[in-house]
1. Hey, any idea what % of segment 1-139's accessible area is carbon plus sulfur with a 1.4 Å probe?
2. If you build a Gaussian network model of the chain, linking Cα atoms that sit under 10 Å apart, which residue out of Ser220, Ser206, Ser96 swings the most?
3. Taking only DSSP H segments of four or more residues, each worth -39500 (n - 2.57), what value at 222 nm results for the chain once the sum is divided by all its residues, to the nearest 500 deg cm²/dmol?
4. So how compact is segment 216-264: Cα radius of gyration and Dmax in angstrom?
5. Can you send over the solvent-accessible area of Lys38, 1.4 Å probe, protein chains only, in Å² to the nearest 10?
6. When ranked by the protection proxy of mean other Cβ atoms within 10 Å per residue, highest first, what sequence do the peptides 211-219, 226-234 form?
7. Compute the FRET efficiency between Asn201 and Arg71 as 1/(1 + (r/R0)^6), taking r as their Cβ-Cβ distance and R0 = 22 Å, and round to the nearest 0.05.
8. If I build a Gaussian network model for the chain, linking alpha-carbon pairs within less than 10 angstrom, which residue out of Gly100, Gly192, Gly252 has the largest mean-square fluctuation?
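The values are calculated or read from the model by the stated rules, or taken from the named source; none is laboratory data. Small disclaimer: the values here were computed from a predicted structure and weren't measured. Here the Cβ positions follow ideal geometry from the backbone for every residue, glycine too, while neighbour counts run over all protein chains shown. The area values use the complete protein model at the heavy-atom level, side chains included, leaving out ligands, DNA and RNA. Shrake-Rupley method; radii C 1.70, N 1.55, O 1.52, S 1.80 Å.
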Amino acid sequence: MPMPTVDKHAPGSFCWIELGTSDQNAAKNFYGSLFGWKAMDVPMGPGGVYTLFQLEGRDAAAGYTLRPDQRSHGVPPHWMIYIAVKSADEAAQRASELGGKVMMPPFDVADFGRMAVMQDPTGAHFCVWQPKSNQGIGISGSEGTLCWADLNTSDPKRAGEFYTKLFGWKLTLGEKDTSGYLHIQNGEEFIGGVPPTTHRNPGIPSHWLPYFLVSNCDASAAKAKAMGAQFHLEPMSMENVGRFAVLADPQGAVFAIFQTPPGR
């Protein structure tokens with residue numbers, strides 16, 4: 001059965017997901033085995049390669065080896081979320097006005113698009129992507145595709161103000177939800193959430209956590225563990241939501257896996 005394809009991302013939606021790692025070949029093996037991703041390497045700068053992770057010949061994610069300057073600044077292996085915008089330059093300027101930091105000013109990525117790296121006022125990093133020839137993720141809705149992202153932040157109110165003004169998102173509590181979890185809505189689509197700070201570890205910096213869809217959370221978790229993954233949250237279920245787990249790959253990049261409830 002063919003997976004749903006994506007040809008365009010609405011502004012404000014998550015359009016790309018990128019792994020910065022300390023061992024690119026190990027990451028290709030780990031995620032290839034876990035999600036069925038096929039790795040396609042393309043040249044990137046002097047001696048470097050950029051790995052496109054594909055499903056059915058369409059881009060699902062990407063990865064690269066952390067640069068020496070990133071490592072010297074203590075940047076750990078991580079997943080970086082990209083958010084689609086009409087103009088990277090306007091988004092960068094607006095982010096600065098709203099109290100965010102522009103870590104890398106807007107620049108062109110060949111003829112694929114224009115991007116900038118930013119940090120929200122609570123410390124979480126993200127990128128904006130203004131597409132040209134490359135729209136971003138080209139497949140969704142099946143095993144190994146990005147399906148959600150949580151903003152784990154020390155200050156949900158401050159972060160919420162920043163993102164709603166920058167991207168036009170709405171942040172709302174779910175019906176009958178007493179947890180305080182905020183749902184992120186971009187246009188008509190729910191794309192992610194902001195967990196309450198109640199159970200948050202104050203020692204962990206604010207960050208975005210991507211969720212990848214799996215058909216069987218427990219089986220995927222067991223497979224990941226056998227390949228050296230460490231778990232921050234063992235598989236658990238939330239009624240009417242699904243089953244999920246939070247883990248770090250063998251190099252330390254943290255992500256979540258998610259299984260929809262039966263019948264969804």
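1. Of the solvent-accessible surface of segment 1-139, carbon and sulfur hold 56 percent.
2. Of the options given, Ser96 has the highest mean-square fluctuation.
3. It lands at -5500 deg cm²/dmol.
4. Computed over the Cα atoms of segment 216-264, radius of gyration and Dmax are 10.9, 35 Å.
5. Accessible area, nearest 10 Å²: 140 Å².
6. 211-219, 226-234
7. After rounding to 0.05, the efficiency reads 0.35.
8. Taking springs between Cα atoms under 10 Å, the residue moving most is Gly252.
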